[in-house]
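What follows is one structure encoded as structure tokens, with my remarks underneath.
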Amino acid sequence: MQVDIQNLTKKFGNVVAVDSLNLDIKSGEFVAFLGPSGCGKTTTLLMVAGIYKPTDGIMRFGDVVVNQLQPRERNIGMVFQSYALYPHMTAYSNIAYPLKLKGISKNEQNIRVQRVADVMGIGHLLDRRPSQLSGGQQQRVALGRALVKEPDLLLFDEPLSNLDARLRLTMRGEIKHLQRDLGITSIYVTHDQIEALTMADRIAVMNQGKLEAFDTPEGLYERPKTLFIAGFVGNPPMNFVDVEVSQNGAGPVATNNDLKTHFTIDQVEKVLAHKGPVTMGIRPEDIVVDDGSDIRGEVYLVEPLGRDDLIDVRIGDTRMLALSDPKLKIQPGDTVGLRFNPERLQFYDPQTNQSLVW
Amino acid sequence: MTVTDPTMVAGPRKAPPLALGTALWRLLRDIVLLAVAMLGVSWVFREILANATSAVNVEESFTTVIADTMIFTLPFALVIVTALRSRSLLKNRRGLIIGITMLVALAVQTISVGQQALTQTGAYGTQTSVQFTTEQADEGVLVTAIEAGGAAEQAGILVGDVITAIRRDVVDKAALDTAILQSDDGAVLRFRLLRDGEEQQIPVTVTSISGVNTTSIYMGYVALFVTAILALAIPFGWIPYVLLISFLMPLFLGYAWLIIATFSQRTEGLLPVDTTGNFGGLTLDNWSFLSGQMGARNQLDIWGVTLNSAMIAVVMTVIVLLVASMAGYALSRMNFPGRRGFLSMTLILHSFPAVTLLIPIFIVLQNIGHIPLIGDLFGFNTIGGVALIMVAFELPLGIWLMKGFFDGISWDMERSAMIDGATRWRTFFEIILPQIRPGLLALGIFSFLGGWNTYLIPATFMVGTRTSNLPVLIRDLTGEMQPVNWNQVAAVGLYQLIPILLLFVFAQEYLLNIYAGGTKGSS
């Protein structure tokens, strides 16, 4: 089932939580809402669920306008961060509850609960109460409850936040696998970009109630449309430097007081056409430690990440995060040369925060 | 590697044992401090505060009681503190600990006895006597020796006389001794005695002599040594329980008396006694009110009274639970104009004492009484009216309590239920209410007890010839028009307690059970 959201707005008093949001989610698509706390992603999800009534805008499920429909009339399943399992019911009753409310016969309930439980691998836990289950098991029960009524739309509200790191990794794979198998249109709210990048077909990045971008994970990472996305997506985060761009004999060049680098990206002319200073972005992995380079700085901090060392380099007043080979054994206080990959630079208008290469 | 001291390696480091001198010095310091403190408090209460409050002119004033208690408990406190402190200060020097404690017990009692001897108080006080010694014989009390020049000799009593009675009251040795001790100096006791098989009556003038009550001195030593041994022997972990039990003892004894009294004709302390004062006298007479007989004179509809009590309690519980849970839910979950005002108003209402509202409530009930049909159920002088008032008094607390419980349930729970397909009502009844079951039970029990035990409202608004409920009945039993049969009052009180006890026996598991949540983060 496709979901079409047009100009969706939600105000709480004078506070605008969601500001004219437009989204078009295809049938069977896995969409993640990504953004920092308080960006309006959960509010949007709750409006889709029918818990909140939108202040303005239209929501369509398929061809049906659902603005005025109650949650129970929308045929959706939802998994909460807190799982929201009913503590006074067994796992079985929890999963069967949506079916009971639909008035499905006991026999049919039993069959369907068993089927879902087998898919989730919790068949042996059905007579336990939520308090007797581990976090991961509770999560599976919650997922089973959301799936059992065969919903047209599956909503996830940061479902993995309360799990430990290892379990989170496992559940991530399982949810993605399940969603793909069942082909249920899904919306997944998270503030964890790794979750969004690894699971979603497309990611809606939100900031302060507004949609910043709605793109595939690759698109967001490779060609961030706004400064916010560039800074938010990717870990360690992208470096930003204010530079002037100009054309000299060797080609386009970006300079400021501390550094000077050539660049050879597509749509160079758009960048060069821009009047005034621009913000240049470069990801740490696109910086190479090269003692032959002109850009030299002092290492301020070294954080071993295992495969790489993350080094914090001061080039005059400019700070740069770069990844280096641990074999180089760079120490704080060392002077190193840095070379930027000229094809991987991003340029933004510091006034509008929009990308100059889009 | 050298072998390290095991105490340095394993476990948390303990403080090194104190040097013997330091330990003894601290012990001495603590004992002296305690003694000075208790004597000081006693002195302050007796000398200063007693004078300050003397205007009140109470014979056994509060202040003297405290002062006396301090003096009485001082030896015991000293012995206990010595035992406990030396155990913690001297650690493993067991012989020394026992020695010091016993020494202190001995010293304290000796000092106390010496002080009594000097001031001629306590065991050394004067007592009334007729100056002879006796023993119990078959026919009566046999006089075995007579003090030369004493009261008995002056009265003409001879060795070998057998005392049978004082005036017409037959006595044994114990009763005789008591009678002598309780007489005033100079009082005349008329002994009826047998001399050579002949009955005679001889008046004896009781005189006051200064005597030593050796028994009480020995008992003092024994009590202190027993205390010392107990204080030396109990594990430190038990001390809180020992304290708890000693503080709760009056309560336990009170309930013990209540139960014993209901089955006895009279009680002497906790012992059931019959009308002549001998052990025994167990009876079910006090419970005769269950058959509708109140004493010899009054008829009583006990079941009607009980039913009234039960009806007030049940009606109140049901209505309070229903209204408070719904109102609490609305206040916790919904936003509507006047919500804050409503909340603060209920809080203010809760703090109104019922007494201040008696007259306005009377007017309200009177007016309700004028409404046809409803007036017969909820007007003045009806059970319904009383229940209505009680509900009104209980609701503010109930609403706040319920709101608190609802606040503790996460919004996600409701959202989840509504997405699962439940209506708001179904969510409330099937998902939310079951989760606050402990709260409902607590409020239900509060309400039930409140309704069951209520006195003021039924006593005020159910008047005339109709008896209202059990508390009012108990009040009627202690009225001024007739001698009060306290054992019967106790029986009715115990009868009133039965449902409460049952309630607690069966519900305490629910009350103590902290409901384990299925929500992550709630425990």
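Per-structure values
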{"read-out": "Nearby lysines by direct alpha-carbon distance to A:Lys329 (threshold 29 angstrom, same-chain neighbours under 8 apart not counted)", "value": "A:Lys260"}
{"read-out": "Rule-of-thumb Rg ratio for chain B [Cα; 2.2 N^0.38 Å; N residues]", "value": "1.44"}
{"read-out": "Inter-part distance where the stretch B:65-128 and the stretch A:85-114 are each reduced to a Cα centre, Å", "value": "72 Å"}
{"read-out": "Shielding by partners, peptide A:75-82 (average Cβ within 10 angstrom, other chains)", "value": "5"}
{"read-out": "Net charge of neighbours whose Cβ lies under 11 Å from the Cβ of B:Ala145, counting Lys and Arg as +1 and Asp and Glu as -1", "value": "-3"}
{"read-out": "Accessible area (Å², 1.4 Å probe, nearest 10) - B:Phe504", "value": "90 Å²"}
{"read-out": "Chain B: calculated mean residue ellipticity at 222 nm from DSSP helix runs of at least 4, using -39500 (n - 2.57)", "value": "-19000 deg cm²/dmol"}
{"read-out": "Relative contact order of chain A, defined on C-alpha pairs under 8 angstrom at six or more residues apart (%)", "value": "15 percent"}
{"read-out": "Dipole magnitude of chain B, debye to nearest 20 (Cβ charges: Lys/Arg +1, Asp/Glu -1, about Cα centre)", "value": "2760 debye"}
{"read-out": "0 to 90° range, to nearest 10: angle between helix B:239-262 axis and chain B longest Cα axis", "value": "90 degrees"}
{"read-out": "Solvent-accessible ranking of B:Tyr241, B:Tyr124, largest area first, probe 1.4 Å", "value": "B:Tyr241, B:Tyr124"}
{"read-out": "3J(HN,Hα) from dihedral phi, the stretch A:30-44, Karplus parametrisation 6.51/-1.76/1.60, rounded to Hz, x for glycine, proline", "value": "10, 10, 10, 9, 10, x, x, 4, x, 8, x, 6, 5, 4, 4"}
{"read-out": "Nitroxide proxy distance, nm - points 7 Å out along Cα→Cβ at A:Lys102 and B:Val222", "value": "8.3 nm"}
{"read-out": "DSSP bridge orientation in chain A - percent antiparallel, rounded to nearest 5", "value": "75 percent"}
{"read-out": "Per principal axis, descending, Cα span of the stretch B:345-477 in whole Å", "value": "58, 33, 26"}
{"read-out": "Accessible heavy-atom area order of A:Ile58, B:Ile239, highest first, probe of 1.4 Å", "value": "A:Ile58, B:Ile239"}
{"read-out": "Three principal axis lengths of the stretch B:404-488 [C-alpha, angstrom, descending]", "value": "69, 25, 17"}
{"read-out": "Net charge over other residues, Cβ less than 14 angstrom from the Cβ of A:Gly183 (K, R count +1; D, E count -1)", "value": "-2"}
{"read-out": "Amide N proximity, the stretch A:276-292 versus A:Asp325 label position 7 Å along Cα-to-Cβ, cut-off under 12 Å", "value": "A:289-291"}
{"read-out": "Rounded tilt (10° steps) of B:383-407 against the dominant C-alpha axis of chain B", "value": "80 degrees"}
{"read-out": "Two-decimal ratio, the stretch A:81-153, of alpha-carbon radius of gyration to 2.2 N^0.38 Å", "value": "0.98"}
{"read-out": "Gyration tensor verdict on the stretch B:220-371 (Cα atoms; rounded if a/c is under 1.5, prolate if a/b is larger than b/c, oblate otherwise)", "value": "oblate"}
{"read-out": "Taking the convex hull of Cα positions in chain A, its mean projected area over all directions (nm²)", "value": "21.8 nm²"}
{"read-out": "Euclidean distance between Cα centres, the stretch A:123-140 to the stretch A:174-250, Å", "value": "34 Å"}
{"read-out": "Solvent-accessible surface (1.4 angstrom probe) belonging to B:Val206, in square angstrom, nearest 10", "value": "0 Å²"}
{"read-out": "Long pairs among A:Lys10/A:Lys106; A:Lys26/A:Lys106; A:Lys26/A:Lys225; A:Lys53/A:Lys270; A:Lys41/A:Lys102, criterion Cα-Cα beyond 31 Å", "value": "A:Lys10/A:Lys106; A:Lys26/A:Lys106; A:Lys53/A:Lys270"}
{"read-out": "Peptide B:420-430 - average C-beta neighbours from other chains (10 Å radius)", "value": "5"}
{"read-out": "Amide H partners (placed H, <5 Å) of A:Ile295, local residues excluded", "value": "A:Leu338"}
{"read-out": "Compactness of the stretch A:1-104 - radius of gyration and Dmax, Cα, Å", "value": "15.3, 44"}
{"read-out": "Shielding by partners - mean other protein chain Cβ count within 10 Å, residues of B:405-417", "value": "5"}
{"read-out": "Over the stretch A:90-238: Rg over Rh, Cα atoms, Kirkwood Rh", "value": "1.05"}
{"read-out": "Computed [θ] at 222 nm, helices only, for chain A once each DSSP H run of length n ≥ 4 contributes -39500 (n - 2.57)", "value": "-7500 deg cm²/dmol"}
{"read-out": "Rounded Å value of the spacing that divides the Cα centres of the stretch B:156-182 and the stretch B:186-237", "value": "15 Å"}
{"read-out": "Coarse-grained scattering of the protein assembly as shown at q = 0.05, 0.06 Å⁻¹, given as base-10 log I(q)/I(0) from a Debye sum over alpha-carbon atoms", "value": "-0.62, -0.80"}
{"read-out": "Relative contact order (%) - chain B, alpha-carbon pairs under 8 angstrom, separation at least six", "value": "10 percent"}
{"read-out": "Net charge of Cβ neighbours under 10 Å - reference A:Ile229; Lys, Arg +1; Asp, Glu -1", "value": "0"}
{"read-out": "Peptide ranges B:175-182, A:337-344 listed from the most packed, as the mean C-beta count within 10 angstrom indicates", "value": "A:337-344, B:175-182"}
{"read-out": "Nonlocal amide H pairs with B:Ile166, under 5 Å, H built at 1.01 Å", "value": "B:Val171, B:Arg192"}
{"read-out": "Global form of the stretch B:249-336, assessed from the alpha-carbon gyration tensor, a/c cut-off 1.5", "value": "oblate"}
{"read-out": "Rounded to 10°, Cα long-axis angle of helix A:165-182 versus longest principal axis of chain A", "value": "70 degrees"}
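The values are calculated or read from the model by the stated rules, or taken from the named source; none is laboratory data. All values reported here derive from a predicted model rather than from experimental measurement. For neighbour counting, all protein chains shown are included, and Cβ atoms are generated from backbone atoms with ideal geometry for every residue, glycine included. With ligands, DNA and RNA removed, areas are computed over all heavy atoms of the protein, side chains included. Shrake-Rupley method; radii C 1.70, N 1.55, O 1.52, S 1.80 Å.
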